[in-house]
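Have a look at the structure below before the remarks.
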Amino acid sequence: MEKFGKSQPVTRVEDVRFLTGHGRYVDDIAPADALHAYFLRATVAHGAIISLDLDDARAMPGVHLIVTADDLLAAGVVLGMAGKIVQNRDGSMGAGPERPILARGRVRHVGEAIAMIVADSVLAAKDAAEAIGLEIDDLPVHVDLAVGGDAIHPEAPENLAFDWGIGDEAAVQAAIDAADRVVTVDVFDNRVIVNSMEPRGCYAQVVDGRLHLAFNGQGVWGLKGDLVRHFNLSPDDVRVTNPDVGGGFGMKGMRYPEYFAVVHAARVLGRPVRWMSERTEAMLTDNAGRDLTTTATLAFDADDRMIAYHLDTIANMGAYNSQFAQAIQTELFSKVMMGTYDVQTACMRTRGVFTNTTPVDAYRGAGRPEAIFVLERVMDEAARQLGVDPWDLRRRNFIRPDQFPYKSVTGMTYDVGEFARVLSRAGVQADRDGFAARKAASAAAGKLRGQGLCYYIESILGDPVETTKVEFTGDGALIYVGTQSNGQGHETVYARFLADQTGIPADRITVIQGDSDRIATGGGTGGSRSVTVQNTATLATVNVMLAAFGTFLADAEGVDASAISFDDERFRIAGSNLTPTILDVVDMARAAGRDGLLTHSARIKLDNRSFPNGAHVTEVEIDPDTGVVVVDRYTVVDDFGNLINPMLAEGQVHGGVAQGIGQALTERVVFDEEGQLLTASFMDYAMPRADDLPMIGFSTESTPSLYNPMGMKGCGEAGTVGALAAVSNAVVDALWEMGVRQIDMPFTPHRVWQALKTAKGDRAAA
């Protein structure tokens, strides 16, 4: 028996359903008689609600209900949504102002929900919304990424959400003062919108006295707990389900006001109620990502060894604390702050600020891309200022293989890593030796060429606890999982892994996910946890199953349990030619009335994170006359430990790289000084297109993790974590010889052209 799976590049079985139009998304499965919800939203970024006249709207044809914050309070609904608060440097807690389901007395960002209209159709609800008499007095707007200004919340004077820190500041400053050379760089990480293919949506209904909410999220148990809290319900009276989900990226892992308002309406009306976000509505209300600026300082000794690292970050929280936002920008950021480098001392300070903009939260690995982006940008700048090769500077500072397990100065203990080996492989795969010739060819054509490197590491785990249950039916087996696929191929991965461990044909295994009635607990999907944690639970379940079936066979055959063994497909019984498969044993158990043997389950907890890492090497070509940046070559060499399905891992990396290239080249959220979103449609917000992306070379160099029995490391966010810095470093490399010393993402044609023009003027003036 191959202990941990066959690691075969199996194509995704669910794609047939999706590509032929048979996906079952939330808007496909809502009850036919469901009423439609629509939200009246704030059109100003900050203001006091003076009046809200609903009489005319309530009299409109087809309107069944209009809900405001006062209605929710009168019904006993808990209005404030939960958000994690971190501890400040002085020991106090970060600011925790109420984030209401519907605005109470004041609006704090454009798009904030004020009232919900429930009607026979969306058009009828929209007509009623236009009949609502809403009067708002404008209040001062704060959109600057800075502490200060008129307070958005009384609980947060100076708009300071939190002031968090880690490390020994005095020791870091002493090391900086004593260093041979010090490099300081300001790095801006632009805000981005998720824009999942399927916008957010839900429906709610009461069935036989029990509440059922279906929504397109990344797990059901967190929202179930919130529904219990907000509506004072018994957990037994709440069911939450996730159907097919068209993209999550972390954004759909959080709770949002609309879900609770829709639930309230369904309970009041005794009718199913549905809601589906429109695209601009999503751009206004989906939790955004990034939006922070960092001053990073590296101190080096005479041998170019890093001796100290200091970060000072300002992070935009938007108008409210979202579910994980404070922790994302502090705890997660710090877990990989030091990257792959051995350093003596480090410290970090992060201040979160409230602004009159959409809340910010977890998005495509938030916290990890930011940390690595900052570190790898400053490493490249350090190499330039130190006059050394950026690849050699990284090699000189890598944690060596003989230093593992390695405890970083931020408290994280890395289990394994061979970073220099991975980097060397990346140099070969990217044909680094041929870069000079390619650069010369670009110059001959009047173009600028640059090469960028990022060596990333991330920490994956999320919820460390997970359960797998396998139930045998007349047709095969059901495997119940606690994660939720948003397009990653879970149905293929989980079925194939169980098949590899048991010999049950994969086409006779059905994956069950996203139903709190059928699956008691689960950690959901996020933090690149799914395959590592869920398959570890499956492996434990298989061990339980084999032990139970082995005992049953031993009793049935009258032999000692030690005489029973199992290879990857069949049981073997010493001294017998009987070689039953697991499904054969299931039939025997069923015939013997042993129904207890038809279900097996195990719950596991991983005690430590694992640390995927790797090198991204990018080459860009820039037209100096137009500022157009083309990503011409892209190579990734990853260390994901042992792979379960290399094809799906490569697909995850491709998607992550596309996300990173999009942020680096085209994507940027823009608010004006009044807090109006200027990028609220695809006419204004530039998603990456096929012609923005190169072919992506992918290969792996594995050092299996010691922190889970399969030696896996996770891969879901790795593409994005490496892409931001790799593309940025390549663009800076191309522009450096033209005198450009500072340029921030996204590298749009106008921004690049303007930087070249400014640099040319500076050279002429000198």
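Heavy atoms of the protein chains alone define the surface here; on that basis region 247-356 has 20 Å² accessible area per residue at 1.4 Å probe size. PRE reach from Arg508 (point 7 Å along Cα→Cβ): which of region 447-491 fall under 11 Å by backbone N? Once the point is set 7 Å along Cα→Cβ of Arg508, 473-477 turn out to lie under 11 Å by backbone N, inside region 447-491. For Cα extents along the principal axes in Å, the value calculated from this model appears in (1) 92, 75, 53; (2) 78, 58, 58; (3) 74, 65, 55 under label (1). Using C-alpha pairs below 8 Å separated by at least 6 residues, the relative contact order for the chain is 15 percent. Report summary: the helix-based calculation at 222 nm, which adds -39500 (n - 2.57) for every DSSP H run with n ≥ 4 and divides by the residues of the chain, gives -9000 deg cm²/dmol. Hey, for a label at Ala302 modelled as a point 7 Å past Cα toward Cβ, could you say which residues of region 160-185 have their backbone N under 19 Å away? Only 175-183 pass the distance filter.
Can you give the FRET efficiency to the nearest 0.05 for Asn232 and Asp517, using r as the Cβ-Cβ distance and R₀ = 25 Å? With a Förster radius of 25 Å, E is 0.80. Count Lys and Arg as plus one, Asp and Glu as minus one, and take only other residues whose Cβ is under 11 Å from that of Asp244; the net charge is then -3. Between Glu557 and Asp70, the simple label model (points 7 Å from Cα in the Cβ direction) yields a spacing of 7.6 nm.
Distance from the alpha carbon centroid of region 707-766 to that of region 544-623 works out to 48 angstrom. Rg then Dmax, both in Å and based on the Cα atoms of region 501-636: 23.9, 85. Full extension of the segment from Arg603 to Ala171, taken as 0.36 nm per residue of separation minus the current Cα-Cα distance, would add 151.2 nm. Across the cross-link table entries Lys84/Lys713; Lys252/Lys407; Lys224/Lys407; Lys469/Lys713; Lys252/Lys605; Lys252/Lys447, which are compared at the Cα atoms, the separations over 31 Å belong to Lys252/Lys407; Lys224/Lys407; Lys252/Lys447. The label point for Asn577 and the one for Thr280, both projected 7 Å from the Cα toward the Cβ, are 7.7 nm apart.
In the chain, the portion of solvent-accessible area held by carbon and sulfur atoms comes to 50 percent [1.4 Å probe, whole percent, DNA, RNA and ligands not counted].
When only Cα pairs below 8 angstrom with a gap of at least 6 residues are kept, region 176-277 shows a relative contact order of 36 percent. Relative contact order, whole percent, for region 7-100 stands at 13, derived from Cα pairs under 8 Å and 6 or more residues apart. Region 387-417 and region 205-269 have Cα centres separated by 44 Å.
Once fully extended, how much extra length lies between Arg58 and Gln344, figured as 0.36 nm per residue of separation less the alpha-carbon to alpha-carbon distance? Let's see the in-between values first.
Numbers: separation 286, 0.36 × 286 = 102.96 nm, distance 6.62 nm.
Extra length available between Arg58 and Gln344 comes to 96.3 nm.
At a probe radius of 1.4 angstrom, the accessible area of region 534-645 per residue rounds to 40 square angstrom. Put a dot 7 Å past the Cα of Ala592, heading toward its Cβ, do the same for Ser565, and the two dots end up 2.2 nm apart. Okay, which of region 665-703 sit inside 14 Å, backbone N to the point 7 Å along the Cα-Cβ direction of Asp144? Label zone hits: 673-674.
The values are calculated or read from the model by the stated rules, or taken from the named source; none is laboratory data. Fair warning: this is a prediction, and the values are worked out from it, not measured in the lab. No Cβ is skipped: glycine too gets one built from the backbone with ideal geometry, and neighbour counts run over all protein chains shown. Accessible surface areas use protein heavy atoms only, side chains included; no ligands, DNA or RNA. Shrake-Rupley method; radii C 1.70, N 1.55, O 1.52, S 1.80 Å.
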